[in-house]
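Here the structure is laid out as structure tokens; the discussion comes afterwards.
What follows draws every value from the coordinates through simple rules; no lab data is involved. Keep in mind the model is a prediction, meaning the values are calculated, not measured. Backbone-built Cβ (ideal geometry, glycine too); neighbour counts: all protein chains shown.
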Amino acid sequence: MPNSHRRRPRRTVTALLLLAVLALATAACGREGSPPAKGPSAEQLPHYAVNTGFELPESPTWRRAERRGHLVIGVKEDQPYLGERDPSSGVYSGFDIEIAKMMSASLGFAPATIDFRTIASANRETALQNGQIDLYVGTYTINAMRKKQVGFAGPYYMAGQGLLVRADEENIHGPQDLAGKRVCSAAGSTPYQRIKADYPEAVLVAYDTYSICVDNLLTYQVDAVTTDDAILLGYAAKAPDELKVVGKPFSKEPYGIGVPREDTALRMALNDALAARQRNGDWKRAFEATLGLSGVPAPKPPPIDRYPG
Ligand code: GLU
């Protein structure tokens with residue numbers, strides 16, 4: 001038997017399929033203590049009043065969107081409770097999607113008209129630089145290196161790097177235990193970079209998305225998945241019998257809204273819009289109806305960084 005060295009027979013089902021099945025099973029059982037497996041429900045989501053008279057002629061990005069009649073926003077599609085696309089309806093949901101919708105409303109565009117585009121971690125800077133998208137809202141860490149290529153409004157949330165392992169894993173409790181272990185992350189991400197730089201004895205594996213990493217974890221191809229705790233908690237919440245998040249967060253990942261680098265007017269308008277949405281309670285309502293469902297308590301949003309252009 002070619003696979004006899006494995007501890008369990010290799011499962012061929014993809015992670016997404018498995019997560020979907022588990023989500024349905026959990027919904028059917030209504031197990032006590034587990035978060036609602038269906039994720040964000042449309043009825044609980046806030047409605048964002050559209051700022052109809054809004055104008056931002058100093059922003060080339062805004063002017064282009066105005067001519068087009070809608071915003072094009074880059075997001076993730078496989079990160080539960082943050083940015084998730086329902087494959088049957090094509091509808092996107094999650095906390096990042098709500099942030100995108102509230103920003104859209106503040107800029108004068110009806111959220112229902114947003115054109116969401118799935119863009120992987122490694123392609124965000126290019127997509128903003130070449131005008132493929134107007135904004136990016138998808139677990140996008142603000143850092144000095146990226147600021148040389150794009151602009152960031154926010155932060156609107158503070159995450160931290162963590163580790164996801166199989167529920168029966170006993171030897172991995174934190175990044176110090178990764179020597180010789182196969183660790184999966186997304187190409188072009190800050191968690192990938194951090195393992196490479198600070199934990200060189202880990203055997204790093206990179207894919208385009210974290211859901212592929214989770215698939216590899218469930219099928220014993222890798223021993224851990226590393227990225228932000230907010231993302232990992234979403235996968236663990238959908239498959240609590242198979243997966244667990246271990247240890248404490250070992251980095252700070254402030255999430256920003258990516259904009260074209262030179263468009264300071266747009267960046268500042270988004271900072272104003274974020275501050276207003278925090279004041280009027282939309283931020284908190286959106287959080288509770290999305291990421292809050294994965295078990296993350298509603299934190300105080302981090303202070304907005306209006307760095308000069
Ligand atoms: N926040 C990290 C980053 O921006 C990890 C999540 C992601 O890849 O989107 O690189």
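Numbers at a glance
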read-out	value
Positive dipole terminus of the chain, leading residue within Pro200, Met102, Ile119 (C-beta point charges)	Pro200
Mean Cβ count within 10 Å, highest first, over the residues of peptides 276-286, 183-193, 299-309, 230-240	230-240, 183-193, 276-286, 299-309
Ranked Thr290, Thr264, criterion: other C-beta atoms within 10 Å, fewest first	Thr264, Thr290
Exposure proxy order (Cβ contacts within 10 Å, fewest to most) of His70, His173	His173, His70
Efficiency of FRET from Cβ geometry, Ser251 and Asp86, R₀ 30 Å, rounded to 0.05	0.45
Net dipole in debye of region 149-224 [+1 Lys, Arg Cβ; -1 Asp, Glu Cβ; about Cα centre; nearest 20]	240 debye
Convex hull per residue volume in Å³, alpha carbons only, for the chain	138 Å³
Given charges at Cβ of Lys, Arg, Asp, Glu: the chain dipole, positive-most of Ala179, Val165, Pro302	Ala179
FRET efficiency, Ala49 to Thr118 (Cβ-Cβ, R0 22 Å, nearest 0.05)	0.20
Burial ordering of Phe250, Phe54, fewest other beta-carbon atoms within 10 Å first	Phe54, Phe250
Region 122-252, dipole about Cα centre (Lys/Arg Cβ +1, Asp/Glu Cβ -1), debye to the nearest 20	540 debye
Length gained when the stretch Lys196-Asp241 is fully extended (0.36 nm per residue, less Cα-Cα span)	13.2 nm
Unit charges on C-beta of K, R, D, E only; dipole of the chain, Debye	280 debye
